[in-house]
Amino acid sequence: MPDYDYDLFVIGAGSAGVRASRIAAGLGARVAVAEERYLGGTCVNVGCIPKKLFVYASHFEEEFADAERFGWDVSRPSFDWSRLRDNKTAEIQRLNGIYESLLTDADVDIYSAHARVVDVHELEVDGKRVSADNILVATGSWPEAPEIPGIEHAITSNEAFYLPEFPRRVAIIGGGYIAVEFAGIFSGLGAETTLLYRGALFLRGFDSGIREFIAGEIRNKGVDLRFQVTVNRIEKTNGSYRLDLSDGTQCDVDLVLCATGRTPHVEALGIAEVGVDLKDNGGVLVDEFYQSSVPNIYAIGDVIDGFQLTPVAIHEGMRLSKNLFGGEHAVLDYDAIPTAIFCQPNIGTVGPTEDEARERYPKLRVYESTFRPLKHTVSLREERAMMKLLVDEESDLVVAAHMVGAEAGEIIQGIAVAIKAGATKAVFDATVGIHPTSAEEFVTLREPAR
Ligand code: NDP
């Protein structure tokens, strides 16, 4: 057997690559990882973590406003963007350090450089040639912008985390996770926020009842949601930007954020040249064991153009390394993956949408409830919550749960365990609620709505 420098060479130290490296090294493999940008990848640096910190910040305005009805007098609050941004950045730098120790403590060699595959077992990194028995591509994804005249004036989520100044007026193009989360952040922090979506209703892929409900909630919070509109051109005008829209109107703002999806990041990797088949958008084509068309080259995480979710990438990393170095031969179960959108209020979801479930389960029972959360009976804030359980009548299995409401992400995580464990509606009914919570609604839904 040829003597390679490493058993596994990982390109990309994001959620997927770091987990794969650590598990492989823990199983005795000689592992190296190359990272040209930042340890921890998108999630830690320009994704989940800083986003959630901004989401926390954006809630305070409502908390200050509601405080009065609960007896508190709060003097006029003011917001300092640079303090939030810099405190966030300090925390990210701390996490970068933790990722470095996680890797070095696991005896993984780190190359802080771009790695390029030059042969099926050979890479060029930091001016050196290194060889590896297996190569793992875990290079993630990168924001994609449509070809609109003037699109160079728009920023992406990457830059949104480091804005020199906080904008007074923001336009966001897109209607997916990032657009909706940033609409909540910008609006909550005090910017006049407009979200421009090309279709009839944003958040395609989510349950349609939930999408309609959250549209109402987001509008209530003051975000100008405009659907069925596209941007024809962006022009710079005296320090601000003018957007010409397809409905003939114009929108003047200080910042344009483009959140129109992320594509696999495979630039200058050399993998196509050694025979790795790619999808049209650059995503690495892999089988269920994450093996590409070159047998010793694997890919996981955003770069395979699957779920684009950190916890999925982490599971893929664990699965791959256990298969390669732990003597296992298993595939990941992609059913019932829970997810949350940290808009205001949150969306939490697990399992198929009502429309998808109707196709899968001919006899579907839909339980649904909308209500004013207890807190807002005194705050008098116009904010409502929605919960939905989908039950297959034949088996009584709860197949999906969808929610809009405060902490929906926290609540749906627990419900996802129950669904994964195969809980029936009878089990939900037999579960005692915790009172008074919003979550208890999930165990007290008695009469089907449909
Ligand atoms: P999404 O794929 O979620 O949404 C992209 C949005 O942009 C869609 O509304 C899409 O419209 C629209 N769009 C696409 N192309 C164009 C175009 N040419 N012109 C106008 N609109 C366009 O991508 P995001 O960028 O929001 O997020 C990327 C991924 O990151 C997500 O899919 C998610 O997996 C992950 N993520 C997860 C988060 C979480 O777990 N909380 C948070 C943030 C991101 P249409 O629907 O019509 O195609």
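Of the numbered criteria (1) closer than 25 Å to Met386 by Cα; (2) within 16 Å of the ligand (Cβ to nearest atom); (3) free of Cβ contacts under 8 Å to residues at least 12 places away in the same chain, the one Glu159 fails is (1).
Being more than 23 Å from Thr370 (Cα to Cα) and more than 14 Å from the ligand (Cβ to nearest atom) is a description that applies to Phe166.
Which count do you get for residues in segment 77-115 that are touching a residue at least 12 places away in the same chain (Cβ under 8 Å), closer than 24 Å to Ile23 by Cα, of a type in the set (D, E, K, R) and assigned to a helix (DSSP H, G or I)? Total meeting the criteria: 1. The condition of being within 26 Å of Ile151 (Cα to Cα) and either touching an Asp or Glu at 6+ places or on another chain (Cβ under 8 Å) or not polar (S, T, N, Q) (or both) holds for Lys236. Being closer than 16 Å to Phe342 by Cα and of a type outside the set (D, E, K, R) is true of Phe202. In the set Glu62, Glu91, Glu35, only one residue is over 30 Å from Lys128 (Cα atoms), open to solvent by less than 50 Å² (accessible area, probe 1.4 Å) and at pLDDT 95 or above; that residue is Glu62.
For Val223, are the conditions met, namely being within 22 Å of the chain's Cα centre (by Cα) and either open to solvent by 20 Å² or more (accessible area, probe 1.4 Å) or not hydroxyl-bearing (Ser, Thr, Tyr) (or both)? When the stated conditions are applied, Val223 passes them.
Reported count of residues in segment 169-192, each being part of a helix (DSSP H, G or I) and more than 10 Å from the ligand (Cβ to nearest atom), is 6.
The numbered conditions (1) open to solvent by less than 20 Å² (accessible area, probe 1.4 Å); (2) assigned to a helix (DSSP H, G or I) are all true for Arg358 except (1). The single residue among Val266, Val253 that is more than 16 Å from the ligand (Cβ to nearest atom), in contact (Cβ under 8 Å) with a residue 40 or more places away in the chain and more than 25 Å from Val180 (Cα to Cα) turns out to be Val266. Here segment 65-88 is the region considered, the condition is being of a type in the set (Gly, Ala, Ser) and more than 25 Å from the chain's Cα centre (by Cα), and the residue that is most open to solvent (accessible area, probe 1.4 Å) is Ser78.
Can you find a residue that is within 16 Å of the ligand (Cβ to nearest atom), touching a His at 6+ places or on another chain (Cβ under 7 Å) and open to solvent by less than 50 Å² (accessible area, probe 1.4 Å) anywhere in segment 142-156? Checking segment 142-156: not a single residue is within 16 Å of the ligand (Cβ to nearest atom), touching a His at 6+ places or on another chain (Cβ under 7 Å) and open to solvent by less than 50 Å² (accessible area, probe 1.4 Å).
When Cys43 is tested against the conditions (1) open to solvent by less than 80 Å² (accessible area, probe 1.4 Å); (2) at pLDDT 95 or above; (3) more than 16 Å from the ligand (Cβ to nearest atom), the lone failure is (3).
Restricting the search to strands (runs of 3 or more DSSP E) fully inside segment 228-345 and requiring at least 2 residues that are surrounded by 19 or more Cβ atoms within 10 Å (Cβ to Cβ) and under 22 Å from the mean Cα position of the chain (by Cα) gives 255-258, 262-264, 339-341.
So, in segment 374-394, of the ones that are open to solvent by less than 20 Å² (accessible area, probe 1.4 Å) and within 26 Å of the chain's Cα centre (by Cα), which residue ends up nearest to Ala67 (Cα to Cα)? Of everything passing the filter in segment 374-394, Glu383 is nearest to Ala67 (Cα to Cα).
Look at Arg198 and say whether it is surrounded by 15 or more Cβ atoms within 10 Å (Cβ to Cβ), in a loop (DSSP other than H, G, I, E, B), among the basic types (Lys, Arg) and within 13 Å of the ligand (Cβ to nearest atom). Spelling it out, Arg198 is indeed surrounded by 15 or more Cβ atoms within 10 Å (Cβ to Cβ), in a loop (DSSP other than H, G, I, E, B), among the basic types (Lys, Arg) and within 13 Å of the ligand (Cβ to nearest atom).
Name the residues in segment 419-450 that are in contact with a strand residue (DSSP E or B) (Cβ under 7 Å, 6 or more places away or on another chain), open to solvent by less than 40 Å² (accessible area, probe 1.4 Å) and not in a loop (DSSP other than H, G, I, E, B), would you?
Ile419, Thr424, Lys425, Phe428, Phe442
The values are calculated or read from the model by the stated rules, or taken from the named source; none is laboratory data. Everything numeric here is computed off the predicted structure, so don't read it as measured data. No Cβ is skipped: glycine too gets one built from the backbone with ideal geometry, and neighbour counts run over all protein chains shown. For accessibility, only protein heavy atoms count, side chains too; no ligands or nucleic acids. Shrake-Rupley method; radii C 1.70, N 1.55, O 1.52, S 1.80 Å.
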